[in-house]
Structure formats: C-alpha cells, structure tokens
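One structure is given below, encoded as structure tokens.
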Amino acid sequence: MRNEYAADLGLTEADLAADWHTQFASWFADAVAFGLPEPNAMVVGTADPAGRPSGRTVLLKGYDPEGFVFFTNHLSRKGVEVTANPYASLVFPWFPMQRQVVVAGRVAPVDRATSEAYFTSRPRGSQLGAWASPQSQVVSGRAELEESYREVAERFADEDVIPTPSHWGGLRVHPDSVEFWQGRASRLHDRLRFRRLDEGGWIVERLAP
C-alpha cells in the first residue's frame, strides 16, 4: 500500500510564520476548512519511568503561545505517566492534506479554574461519564460501567451543576519543538521545525525526510 504525494505542494522557510503558534493556527484553520473529521484529534505519546511508551488519540481543546491543552482523568495511564515523567509528544495526523504537525515538550497541569470552567461547558452526559469511569482501569464488563453511570446519574439527579472531579483536569504541553511536515513527491518531504533554544528564543531548522 503506497500513495504518491503531490509534486506541486511544498513548505519552504519563506512560507513559515514568524512563530510556531501562528503557523499552527494557519494550518489548523486549513484543516478545519478542508473538512477533516475532528481536525483537533491528536495522538498523545507518553512514557512511564522505565521508558516504556504508550499512545492514544485525544482532542485538543485549546492552544496559545504557552502550548497545547487537553483534558483527562489524572488517574488514567497518561495522567499517571506524565506525573512521573512530565514529557509528551503530540502528532496531528492530517493525512488527507498530506500534512502532520509533531510536537514535543514538557507537561504541566492547567490551573484549577480553567479545568472547572471547561468541565462546566461539557455536555451533562460527558460530565457524568468523568465521574463514572475509572479510566484505564480493568473492569469486569460493559455492565459495570453502565451501572456506575446509573449510580452517578442518580447521585447528581437533583444537581443543576455537577462538580468537577478532583481527579480530572487539564494538561498543557509546553513545546520545546514543533515540526511542520508537508508530504512531497519521491518521499522527499518538507520538515521544518521550530526548536526552543536553551538560552531563550526559537530557531527554525530543516530536517531531512
């Protein structure tokens, strides 16, 4: 199985915005306009203290010059791993556009007010699910989850506002590098990376495909 990438697409240093977040905003807008399903879906890679990696797809819920934000159960596998080893990678796989964005950086929790504000904005069913599901833990079957959900729904039946679980909240990936990958013919892809310098500021580097 092999697809040849378009010969007339490319990414040059002159095409890039002055900073990674402006460039990401431009490409993200392109992905939305292209009609990709869930263009904010990203693969999050983490590793445990022994270096054993794991990955999963989650939804980006915000980004700014400080980094990329998503929300999760802090007791889930990724939550436990970033607590012990606070680094992660992100991949936005925009394959129909022959593009990827690859991020690597440090992970830190967002402030509690931000987590609570986002939790309140979620559909009620999703709020109940955050209480009901022991994310990443082994369960006996679907029936156990449905029973837990039923119990939580009854517990909060008279509550207009469901509180944010203490084990749930946002994580921000503060990037040390953000790579913009554009597919090219003959597998000579364009890879331009913004990399944070130890002394401050950023540099743009071209990577061989």
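The values are calculated or read from the model by the stated rules, or taken from the named source; none is laboratory data. The structure displayed is predicted, hence computed values, not measured ones. Heads up, the Cβs are rebuilt from the backbone with ideal geometry, glycines too, and the neighbour counts pull from every protein chain shown. These area figures cover heavy atoms from the full protein model, side chains too; ligands, DNA and RNA do not enter into them. Shrake-Rupley method; radii C 1.70, N 1.55, O 1.52, S 1.80 Å.
For the reader, a short list of remarks on this structure follows.
- Residues satisfying the stated conditions in region 57-74, i.e. open to solvent by 80 Å² or more (accessible area, probe 1.4 Å) and either in contact with a Cys (Cβ under 9 Å, 6 or more places away or on another chain) or β-branched (V, I, T) (or both): T57
- As a summary of the residue check, A7 satisfies the conditions (1) under 22 Å from A104 (Cα atoms); (2) at pLDDT below 95 except for the one numbered (1).
- Within region 40-57, being small (G, A, S) and over 15 Å from Y87 (Cβ atoms) holds for one residue alone: A41.
- Residues that are outside any helix (DSSP H, G or I) and without any contact (Cβ under 8 Å) to a residue 60 or more places away in the chain, drawn from region 23-37: G35, P37
- Filtering region 29-56 to residues that are at positive phi and open to solvent by 60 Å² or more (accessible area, probe 1.4 Å) leaves only E38.
- Close contacts from region 1-22, counting a first residue that is in contact (Cβ under 8 Å) with a residue 60 or more places away in the chain and a second that is among the β-branched types (V, I, T), with Cβ to Cβ under 7 Å and a gap of 6+ residues or different chains, come to E13/V204; L16/V204; W20/V178.
Residue by residue, here is whether (1) assigned to a strand (DSSP E or B); (2) under 24 Å from P134 (Cα atoms); (3) within 13 Å of the chain's Cα centre (by Cα) holds:
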{"site": "P39", "(1), (2), (3)": "no, no, yes"}
{"site": "P49", "(1), (2), (3)": "no, yes, no"}
{"site": "V58", "(1), (2), (3)": "yes, yes, yes"}
{"site": "F71", "(1), (2), (3)": "yes, yes, yes"}
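- Check on P93, open to solvent by less than 60 Å² (accessible area, probe 1.4 Å), part of a loop (DSSP other than H, G, I, E, B) and in contact (Cβ under 8 Å) with a residue 40 or more places away in the chain: no
- Inter-residue pairs, beta-carbon under 6 Å, first at pLDDT 95 or above and in region 157-181, second of a type in the set (D, E), 6+ apart: T164/E116
- Residue match in region 101-115 (condition: aliphatic (A, V, I, L, M) and free of Cβ contacts under 8 Å to residues at least 24 places away in the same chain): yes
- Residue tally, condition more than 14 Å from W20 (Cα to Cα) and without any contact (Cβ under 8 Å) to a residue 40 or more places away in the chain, over region 188-209: 7
- Residues located in region 10-20, provided they are under 26 Å from the mean Cα position of the chain (by Cα) and open to solvent by 50 Å² or more (accessible area, probe 1.4 Å): T12, E13, D15, A18
- So A88, is it in a loop (DSSP other than H, G, I, E, B), surrounded by 14 or more Cβ atoms within 10 Å (Cβ to Cβ) and modelled with pLDDT of 95 or more: no
- Helices (runs of 4 or more DSSP H) fully within region 101-209 that include at least 3 residues being of a type in the set (S, T, N, Q) and open to solvent by 40 Å² or more (accessible area, probe 1.4 Å): 112-121.
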